[in-house]
């Protein structure tokens, strides 16, 4: 079998496309093969947009990077015909081995996507593919754009919205998650009402109308945007952030009492180095922490009473019916607000203001736990990239790795 016939088969080309020559670069150190493909001039031409039969206009020379042949870099060259369409103007016809406006064949682009998904950084992808940083970046950009364009028919039921640190200081990104699909839907810079509305606007209206409930913290902008963009959906305040609110109150009580004890006992305090004992879930205590806790008289210590109130609230999440949960909350709220512990009182009042979102958990039982797990993966992406200066690149990296998108060109598998 001649090399021309071999590459005709390897590329899967059918008439009228034909391989006309296969050449190895004269410099053996370059290890490069060029495959030339032609389209006969006597064939009818169609406009690639409206499919109307059109006269030929000219031929445009183009090159595509293809998968290596026996470790030789392989290039496809072809003078692609262009048509002059009275409706669409001058257009290049499509080629069977690559997508429009791509400099890589579909197979090579698919291979590069596989590499990017497998390695830790673009630097490693450069080494394995032989592409430059910008070229690898372009493949990732195209893959995410391709995947996002294919999402419109997918259904959504439960989503979560959460924040993630982007840069230094109070620089945040807002991330919308599909809780059932365990994937990121999209990311925007900031957590203002304007930014959150922009995030929702990227989800087709048909999908937004299908959403039953949205898990979130108590950030006002998130709540307002949810009511505007998915008014039929219930807002469910995330269990994790409610626990965080109470833990913050417990820690404030501990700090105040710790200072008072040090002042009374000439710098000595039994609360020294006990911060994480009070903040950690008792189920996760070590044996030494469990023993240390037994030595405290928690009914005497202010932080002990604060801890007991916070722990008691965990029972709220076990209720399946909103009526029973409301009865429990009212009893707990009376205890918390009569504790004479200001940080606990403030935390209880915060939960009271957001009670409808807490009671909605009884019906939908969703949390942002999956989103918190996804945040760990996002943090790893950020660390492997040594941070991001450009927010759009940060967004693309998240969607590429966490979006569960259909990233591949149609003819790459």
Residues in region 131-148 that are closer than 12 Å to residue 102 by Cα and more than 17 Å from the chain's Cα centre (by Cα) total 3
In region 347-371, the residues that are surrounded by 15 or more Cβ atoms within 10 Å (Cβ to Cβ) and more than 19 Å from residue 319 (Cα to Cα): 347, 350, 370, 371
Can you give me the number of residues within region 383-413 that are under 30 Å from residue 235 (Cα atoms) and over 12 Å from the mean Cα position of the chain (by Cα)? 3
Of the residues in region 331-346, those that are over 15 Å from residue 305 (Cβ atoms) and loosely packed, with under 12 Cβ neighbours inside 10 Å come to 331
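Are there any helices (runs of 4 or more DSSP H) wholly within region 183-245 with 1 or more residues that are farther than 30 Å from residue 307 by Cβ and modelled with pLDDT of 95 or more, and if so which?
Counting at least 1 such residues, we get 193-201, 220-229.
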Wholly enclosed helices (runs of 4 or more DSSP H) of region 261-370 bearing at least 1 residues at pLDDT 85 or above and closer than 26 Å to residue 234 by Cβ: 302-312, 322-337, 342-353, 355-364
For residues that are in contact (Cβ under 8 Å) with a residue 12 or more places away in the chain and part of a loop (DSSP other than H, G, I, E, B), scanning just region 18-43, find the one that is nearest to residue 66 (Cα to Cα). 31
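The values are calculated or read from the model by the stated rules, or taken from the named source; none is laboratory data. Keep in mind that this is a model prediction, so the values were computed, not measured. Ideal geometry is used to build each Cβ from the backbone, glycine not excepted, and the neighbour counts take in all protein chains shown.
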